[in-house]
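Input: a single structure, listed below in structure tokens.
Coordinate-derived values only; no laboratory data. Everything numeric here is computed off the predicted structure, so don't read it as measured data. No Cβ is skipped: glycine too gets one built from the backbone with ideal geometry, and neighbour counts run over all protein chains shown.
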Amino acid sequence: MDMNEIKEIFFQECEEQLAELESGLLKMNDGDRDPETVNAVFRAVHSIKGGAGAFGLDDLVAFAHVFETTLDCVRSNKLEPTQDVLKVMLKAADVLADLTNAARDGGSVDQARSRGLVKELEALAHGELPSASAAAEAAPKPAKAAALAPAPTPVKAAPAPTDDSGFQPIPFSFDDDFGGDEASAGMPEYEVSFKPRSDLYAKGNDATLLLRDLSRVGEMSIHCNTDALPGLDQLDPEGAYFKWTISIKTDKGEDAIRTVFEFAEWDCELDIRLVEDAAAGTDEELPMVPVPFDLSVLDSDEPAVETAEAPQPKSDAAAAVAAAETASNVTQLASAAARVEKKEAAAAAAAAAANAAAQNNAAAAGQTIRVDLDRVDRLINLVGELVINQAMLSQSVIENDNNGASSINMGLEELQQLTREIQDSVMAIRAQPVKPVFQRMSRIVREIADMTGKSIRLITEGENTEVDKTVIDKLAEPLTHMIRNAVDHGVETPEKRTALGKNPEGTVRLTAKHRSGRILIELADDGAGINREKVRQKAIDNDLIPADANLSDEEIDNLIFLPGFSTADKISDISGRGVGMDVVKRSIQALGGRINISSKPGHGSVFTMSLPLTLAVLDGMVVTVAGQTLVVPLTAIVETLQPEAAAIHSFGANHRLISIRNSFCPLVDVGRILNFRATQANPVDGVALLVESEGGGQRALMVDAIQGQRQVVIKSLEANYTHVPGIAAATILGDGRVALILDVDAVVGASRGQSLKAEMSYAAAG
């Protein structure tokens, strides 16, 4: 793996960290004060800074360092995360994302904005806000920490600088209380040796912050070794001379300690060991007795060397007493050693069990790998070809095997099941949650709200709803236009909302959910709704509709999708050029989806987008219409039925209704709508498919016959031929023929009075 590949992996991880950062800040903005949320936000910035330092991205490192310092003030409760503070941090997250994108793509960022936010972050870190000052002037913890910490051992000091050198020793202290208390009694104690290398500082890491993070793992005391510090004339500004020895008591284990140094472990000398205290684990208190021989012989095969002449007993009785004491001491030592050995064996067994459990948990946890998207696309294309060939093979066997009971037929059924499972598994690989797209919208809401002077809150729901990666990639553009439209045109100003008795803060709600094999995305606001009279008049003024056009409320609402339509009184940086909502409709239709509007004046609007879960395959009903083979998406079909003459009723000159369970439903001749035939067919001779479309209600589509239900591979008609009104895409059937996939919404829309081509160009959202 070369450096470019490693760098690409870093930027992919940056996207995940930026999403985690924004998600955490939004939670904090909603009132979440969970320390883990704050720590997750801090870790995201810290991870980006550490990786950026490794690749020499100085601008990114510098900004992330200031941001990280301010977040650390929040972690240490020196800075209260108020709405004003979080507003600055959300802007900083946006700039951090811009810097990351610039580093990846070679672009540039707004330097004035970046420098301005650096000053704001530094001001917060220095407690220039009232809340920050109050927190900073709280109890002086460093003094307490110094009082509780053990006295340092004498060290070799560096030569004292001269008075005019400008060098002054900086005391090393922390705001955290490292002193022990009764709560840490009985906890395992670890000794950590930490010596940074110069690379650690070059990559943007800070030993002080690492030690501060470590203090949150448990109660600890620190000793800084400065023996390696040279004289001032030999000092290397980029060198690393300090070494810290830390004693920490914690019940979180060695992994929690090592996690603190996970981004710096390769750039420092790190040693972590458990401090064994045999006496603390004994069942009874051992008396302190003199031992008349050197204990080092217990750990060595060499004979003990006498360093002083042992005192001679004065009599035989005294010698006997001394021998008895020695034997008693040896017995006590042997007993203690046995107890220690037993306890160590138990500890070793517990450690082995813990390691086994950890390995089992690691094995149980889901593991992921990064795969290039082109490889996944190629795999999906191959599976699609496999489905087509399997269908062709099945069709051929069926046509040549009349009894249908051969072993080949049974094998083909198993092959069909396996093919379906493979296809479902491959499609699941591409399925991703819509969360990244939804998170991107929060930034747009903040920017447009600031530009318009409005106070708006974005609420997202169903972020973990999964959809095909291709659909997600193409969702960003239409959602961006819709968000801008909702904020600029939909939600009123705080003053106007207050006058209307509304909350000064407007709400925009973005939701995603699955329904009938499709994904529904709704964008709702609690603004003024659509002013239909104004929309109608604007359309007339712009010659988009005739002045005498008789339009329903739904059709008036859909006028906003016409190219060139805008209700803005003047052109601004946000809107007014009539470009936006027409792009939304074209983008949604290109995805095989549909969009409709539900608006209530004075209470807001709801835009609903219905999209396929995947652009690769679909389950469909293969039907015949006027000698042509069509595929109707199965998700649109409610039921099929055979019309009876008594259930058919004429309505007007060219319309017919079918009676279904004491209700009437319009009957639509698909062959006539698509101009496959010049006259309407007799419904009694065909089959009716009861379908449901967004905004169009239920319709009964009349076809000549049903061939069967199949899973088909979607082939783009526009990419390979051209757009055909009423047709969504094409596919290849098992007999090798090309079949067209019906656009149910376009056909239903055309049945309401306009021709099919007018339906595709005229403003009807279907």
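Couplings 3J(HN,Hα) for the stretch 374-379, derived from phi with the Karplus relation 6.51 cos²θ - 1.76 cosθ + 1.60 (θ = phi - 60°), are 4, 5, 5, 4, 5, 5 Hz, where x marks Gly and Pro.
Quote the FRET efficiency, to the nearest 0.05, computed for Q417 versus A626 with a Förster distance R0 of 35 Å and r equal to the Cβ-Cβ distance.
0.50
Put in order of Cβ neighbour count within 10 Å, fewest first, the listed residues V535, V712 become V535, V712. For the stretch 434-612, rounded, prolate or oblate, judged on the Cα gyration tensor with a ≥ b ≥ c (square roots of eigenvalues), a/c < 1.5 rounded, else prolate if a/b > b/c? In terms of gyration-tensor shape, oblate. Once both labels are positioned 7 Å from their Cα atoms along Cα-to-Cβ, the gap between H223 and Q680 label points is 9.8 nm.
Each label point was placed 7 Å from the Cα along the Cα-to-Cβ direction; for E385 and F242 their separation is 6.3 nm. Treating r as the C-beta distance of L500 and D543 and R0 as 41 Å, the FRET efficiency rounds to 0.75.
For the stretch 374-432, what does the alpha-carbon gyration tensor say about shape, rounded, prolate or oblate, given a ≥ b ≥ c as the root eigenvalues, a/c under 1.5 as rounded, and a/b over b/c as prolate? Taking the square roots of the gyration eigenvalues as a ≥ b ≥ c, the stretch 374-432 is prolate.
Across the stretch 196-202, computed HN-Hα scalar couplings (Karplus, 6.51 cos²θ - 1.76 cosθ + 1.60, θ = phi - 60°) run x, 9, 4, 4, 4, 6, 5 Hz from first to last residue, x flagging Gly and Pro. Expressed as a whole number of Å, what is the distance separating the alpha-carbon centroids of the stretch 74-119 and the stretch 520-550? Rounded to whole Å, the Cα centres lie 39 Å apart. Of H46, H65, the sequence from fewest to most neighbouring Cβ atoms within 10 angstrom is H65, H46.
Look at the dipole of the stretch 374-432 built from charges on Cβ: of L412, I429, A391, the Cα furthest out on the positive end belongs to I429. Per-residue 3J(HN,Hα) values for the stretch 585-602, derived from phi via the Karplus relation 6.51 cos²θ - 1.76 cosθ + 1.60 with θ = phi - 60°, read 5, 5, 5, 5, 5, 5, 8, x, x, 9, 9, 9, 10, 10, 10, 10, x, x Hz in sequence order (x marks Gly and Pro). For the stretch 658-749, the set of chymotrypsin sites (Phe, Trp or Tyr not before Pro) satisfying both a DSSP loop assignment and a count of at most 16 other C-beta atoms within 10 Å is given as F676, Y721. Each of A102 and A590 was given a label point 7 Å from its Cα along the Cα-to-Cβ line. The distance between the two points is 3.0 nm.
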